[in-house]
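Structure record follows, encoded as structure tokens.
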Amino acid sequence: MALSVAIHNNAAQCSVYFSAFLSAGWEGKTMIPNSVLPIPELDETMQIGHEPIWAIRAMLLWKHRRKLAHVTAISLLVSLAVSFSIPKQYKSTTSIMPPDQQGSSAMLLAALAGHSGGLGALGSLASGLFGAHSSTALFINLLQSGTVSDHLIDRFNLQHVYHKHYRIDTAKHLARCTKITEDKKSGVITIAVEDINRVRARDLAQAYLDELNNLVTKTNTSAAHQERIFVERRLHEVQTNLEDAEMQLSQFSTKSNAIDIKEQTRAMVDAGARVQAELLVEQSGLQSLRQIYGDSNIRVREAEARIASLQGELTKMTGSSAPLTAEAIHDDNTNSIGSNDKGELYPPLRQLPRLAVSYTDLYRRVKVQESVFELLTQQYEMARIEEAKDVPVVSVIDPPGIPEKKSFPPHLLITLLLTFLSFTVASALILMRDNWEKVDPADPRKMLAVEVLPVLRRRIRLLRLKRGFE
């Protein structure tokens, strides 16, 4: 009962003092001296109620209002200087839509799930089974990969721009300046890049898109890509074989004059038949001339010369009439291969069967390689088309642009926060100092502080002197 009465009396006394204090302050009068209006001590009875404590603290802060006003004004000016000294940051944003790799069944189930609430579980199951938005997570990982950051660091010389000695620190700074977010519903990826240069911010955002396209194309491992690589490798091999076969056929035809064995055989047979017919006619005429004029007549000699010429041509067409020994065959092959050096237009008729074997083999190789080359060329073009279809293409929704307004720092917010923080710290120091003064000098804590603080001050002073001498 006595305790409650004491609390009530102290609360009433504090409220009266505070009312008089506020009325004096609003009327512009001087503050009541401490002797007239003493600040009561915080005893155990006053800690039970909350209103007297905050009232006393408010009175204490009001007493030091000029000091707080000075601190607030100075902190306001300093905060303005600090906020405007922070470099401006510009943000460039771009949005991309990854290619949809879902099947038609998954799309159908998703559409049904969107129109019917009862199929929501079924739509979620379809999305999980068919890999919904799997490309979105893949693209985000590719954008955050070290390959992309390394290329951007080298491309824009970011170590010099960010003033970093190590590439890993540069990559971390670039990651802090880049924000990649994903819309869970639509799968749209947003890339936001901040930089002190608005043009470089736009270029960095565009570079992310370029590097993503290059990396996706480089790491594409689809079936069409593998087929295209195999067909391309095989096409190069067949092209080399075709060129080699054509070269061998050309050299063989050049040495043996075997351009087209079939047509050449037909032409040689026709020419031989004509020569042989002329030879028979001339021989019949020679016999008639010998019976009429004798062997010494000039007409007989002319007929004998024509017959000898025809026999020579026929022998040249048909080849040697000697027995076909191994040496003769070798000599005939040598002569047929080197017949071009003697000025002969066609190889001998009796050598055509031997030449036809080599010529047909070389010709068949050329035709086979040509057929394979044409087939592989068609398959290669089809594989390239399929690969182009399978390569995921990044669809840009909003291309990056040059930002017009800064994104950081917010000058007003920083100024207000720093000013309020300074005011709060100054108020806390005033209250702490008042509480410290009220502590009994015989208190062990205060005695310890009195002993320790001078020592710390001396140590700090000595450290400052050492640094000054160094």
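What net charge do the residues around residue 74 carry, taking every other residue with its C-beta under 13 Å from that of residue 74, with Lys and Arg at +1 and Asp and Glu at -1?
Once positives and negatives cancel, what remains is +2.
I'd like the chymotrypsin sites (Phe, Trp or Tyr not before Pro) in segment 152-244 restricted to DSSP loop residues with at most 14 other Cβ atoms within 10 Å, sorted by number.
Numbers: sites: 156, 162, 166, 208, 230; in loops: 162, 166.
Passing both the DSSP loop test and the Cβ count: 166.
Of the trypsin sites (Lys or Arg not before Pro) in segment 356-418, which ones lie in a loop per DSSP and count no more than 15 other C-beta atoms within 10 Å? Don't skip to the answer; put the middle values down first.
Numbers: sites: 364, 365, 367, 384, 389, 405, 406; in loops: 405, 406.
When the trypsin sites (Lys or Arg not before Pro) of segment 356-418 are filtered for loop state and at most 15 Cβ neighbours within 10 Å, 405 remain.
Given R₀ = 45 Å, FRET efficiency for residue 308-residue 241 by Cβ-Cβ distance, to 0.05?
Details: r = 50 Å, r/R0 = 1.11.
Calculated value: 0.35.
Where Lys and Arg each count +1 and Asp and Glu each count -1, what net charge lies around residue 148 among other residues with Cβ under 13 Å from its Cβ? Walk me through the numbers before you get to the answer.
Working: positive: 155, 218; negative: 150, 154, 210, 211.
So the environment of residue 148 carries a net charge of -2.
Residue 155 to residue 431: FRET efficiency via 1/(1 + (r/R0)^6), r the Cβ-Cβ distance, R0 56 Å, to the nearest 0.05? Let's see the in-between values first.
Numbers: r = 56 Å, r/R0 = 1.00.
Efficiency, rounded to the nearest 0.05: 0.50.
Seen from all sides and averaged, what is the projected area of the convex hull of the Cα atoms in segment 389-470, in nm²?
Details: hull surface 61.4 nm².
Computed as one quarter of the Cα hull surface, the answer is 15.4 nm².
When the solvent-accessible surface of protein heavy atoms is calculated with a 1.4 angstrom probe, in what order do 179, 185, 67 fall, highest first? Intermediate results must be reported in sequence, preceding the final value.
On the way: 179 130, 185 185, 67 100 Å².
Largest to smallest exposure gives the sequence 185, 179, 67.
What list of ³J(HN,Hα) values in whole Hz, one per residue of segment 377-387 in order, does the Karplus curve 6.51 cos²θ - 1.76 cosθ + 1.60 (θ = phi - 60°) give from phi, with Gly and Pro shown as x?
Karplus-based 3J(HN,Hα) across segment 377-387 equals 5, 5, 5, 5, 5, 5, 5, 5, 5, 5, 5 Hz.
Any of 185/406; 184/218; 88/184; 218/389; 179/405; 184/389 with alpha carbons more than 20 Å apart? Name them for me. It would help to have the intermediate numbers written out before the result.
Numbers: 185/406 30 Å; 184/218 27 Å; 88/184 31 Å; 218/389 15 Å; 179/405 18 Å; 184/389 26 Å.
Result: 185/406; 184/218; 88/184; 184/389 exceed 20 Å.
Between residue 361 and residue 172, what FRET efficiency comes out of the Förster formula 1/(1 + (r/R0)^6) with R0 = 51 Å and r the beta carbon distance, rounded to 0.05? All intermediate terms of the calculation are to be shown ahead of the outcome.
Details: r = 68 Å, r/R0 = 1.34.
With a Förster radius of 51 Å, E is 0.15.
For segment 419-470 and segment 153-172, compute the distance between their C-alpha centroids and round to whole Å.
43
Leaving out ligands, DNA and RNA, what percent of the accessible area of segment 427-470 is carbon and sulfur, probe 1.4 Å? Before the final figure, lay out each step's value.
Details: 2650 of 4210 Å².
That fraction is 63 percent.
Once you put a point 7 Å from the Cα of residue 281 and another 7 Å from the Cα of residue 73, both along the Cβ direction, what distance in nm separates them?
Placing both labels 7 Å along Cα→Cβ, they lie 13.8 nm apart.
Using a cut-off of 23 Å between alpha-carbon atoms, which lysines can reach residue 446, once sequence neighbours fewer than 8 places away in the same chain are excluded?
438
Summing Lys, Arg as +1 and Asp, Glu as -1, what charge do residues with Cβ under 9 Å from the Cβ of residue 228 carry, residue 228 excluded?
That sum, taken over residues with Cβ under 9 Å, equals -3.
The values are calculated or read from the model by the stated rules, or taken from the named source; none is laboratory data. What you see is a predicted model, and the numbers here were worked out from it, not measured in a lab. So basically every Cβ, Gly included, is an ideal-geometry build from the backbone, and we count neighbours across all protein chains shown. Calculation scope for accessible area: heavy atoms of the full protein, side chains included, ligands and nucleic acids excluded. Shrake-Rupley method; radii C 1.70, N 1.55, O 1.52, S 1.80 Å.
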